[in-house]
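Below: the structure, in structure tokens.
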Amino acid sequence: MRIAALADLHFSPQSYDRIREPMNRIRDEADLLIVAGDITNLGKPEEMESMLASFMRLRIPIVAVLGNHDYEGGKQAELAKMMIAEGVKLLDGSGYERDGVGFAGTKGFLGGFGRGVLTAFGEPEVKAFVQSAIDETLKLERALSMLRTEKRIVVTHYAPIAETVRGEPEQIYPYLGSGRLSEVIDRHQAILAVHGHAHHGSLEGKTTGGVPVYNVAMHLLMARTPASPYRLFDI
Ligand SMILES: [Fe+2]
Ligand SMILES: [Fe+2]
């Protein structure tokens with residue numbers, strides 16, 4: 001199976017003009033498309049509508065998670081409904097299997113990596129914040145446990161490792177992902193993980209357990225190859 005993956009479309013009519021052509025090529029190049037969040041720019045239903053119209057033209061299965069920008073308008077439930085109605089496999093602590101490959105996904109959350117992971121101590125606000133990161137981790141755990149396939153791919157919006165956010169200002173690393181996610185990826189021995197969100201991060205890295213992690217933020221991919229806002233994987 002050949003999989004195309006991308007993230008951070010941040011739909012606006014102007015931004016979409018730049019990628020219309022390469023997006024249409026995905027249909028000929030891939031059997032399935034992964035969209036790792038930030039599909040809309042401000043979480044507006046009209047942004048989602050335009051983006052969905054272009055996804056539907058591809059006529060290949062689409063596996064997606066939402067990103068923080070898709071939450072900005074407070075209409076994430078409506079956006080999710082729109083996607084599901086068009087047949088997009090929207091993963092939110094859930095899995096999807098196709099041709100022997102399993103996909104487990106969730107948005108993920110922030111909170112930092114390694115020794116810098118924020119822990120639930122002190123003020124209730126801090127505890128609530130950390131709980132959100134833990135909840136997303138548990139959702140990913142549940143999604144992975146549900147898959148019966150030997151090959152499992154993890155899709156998140158936030159980064160599971162620090163290596164693929166390298167390139168961003170160090171001061172904002174804790175806002176770009178959560179290392180808690182990578183522990184789950186290792187425990188379930190996923191074959192690879194993709195994420196977005198860190199527009200100026202690095203293309204690839206590995207979890208402690210050696211699982212390859214790819215940052216498929218469109219801006220990052222286009223900085224490398226302007227004509228290819230997506231990355232291809234042969235599974
Ligand atoms: Fe983004
Ligand atoms: Fe984001």
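Exactly one condition in (1) out of contact with any His (no Cβ under 9 Å at 6 or more places or on another chain); (2) of a type outside the set (Ser, Thr, Tyr); (3) without any contact (Cβ under 8 Å) to a residue 12 or more places away in the chain is false for Pro169; which is it?
Answer for Pro169: the failing condition is (1).
Restricted to the range 188-210, and to residues that are within 16 Å of Ala36 (Cβ to Cβ) and of a type in the set (Gly, Ala, Ser), which residue is farthest from ligand 1 (Cβ to nearest atom)?
Checking each candidate, the answer is Ala190.
For the range 11-41, name all the residues that are in contact (Cβ under 8 Å) with a residue 60 or more places away in the chain, within 12 Å of ligand 1 (Cβ to nearest atom) and either assigned to a loop (DSSP other than H, G, I, E, B) or touching a Lys or Arg at 6+ places or on another chain (Cβ under 7 Å) (or both).
Those that are in contact (Cβ under 8 Å) with a residue 60 or more places away in the chain, within 12 Å of ligand 1 (Cβ to nearest atom) and either assigned to a loop (DSSP other than H, G, I, E, B) or touching a Lys or Arg at 6+ places or on another chain (Cβ under 7 Å) (or both): Gly37, Asp38.
Here are some residues: Ile134, Ile172, Ile185. Which one is within 16 Å of ligand 1 (Cβ to nearest atom), in a helix (DSSP H, G or I) and in contact with a helix residue (DSSP H, G or I) (Cβ under 9 Å, 6 or more places away or on another chain)?
Only one candidate passes the filter, namely Ile172.
Under 28 Å from Leu147 (Cβ atoms), hydroxyl-bearing (Ser, Thr, Tyr) and open to solvent by less than 10 Å² (accessible area, probe 1.4 Å), is that true of Ser178?
yes
Do we have Glu150 as surrounded by fewer than 16 Cβ atoms within 10 Å (Cβ to Cβ) and within 16 Å of ligand 1 (Cβ to nearest atom) here?
In short, no.
The values are calculated or read from the model by the stated rules, or taken from the named source; none is laboratory data. The structure presented is a predicted model; accordingly, all values stated were derived computationally and were not measured. Note that we place each Cβ from the backbone using ideal geometry, even for glycine, and neighbour counts take in every protein chain shown. SASA here: full protein model, heavy atoms, side chains in, ligands and nucleic acids out. Shrake-Rupley method; radii C 1.70, N 1.55, O 1.52, S 1.80 Å.
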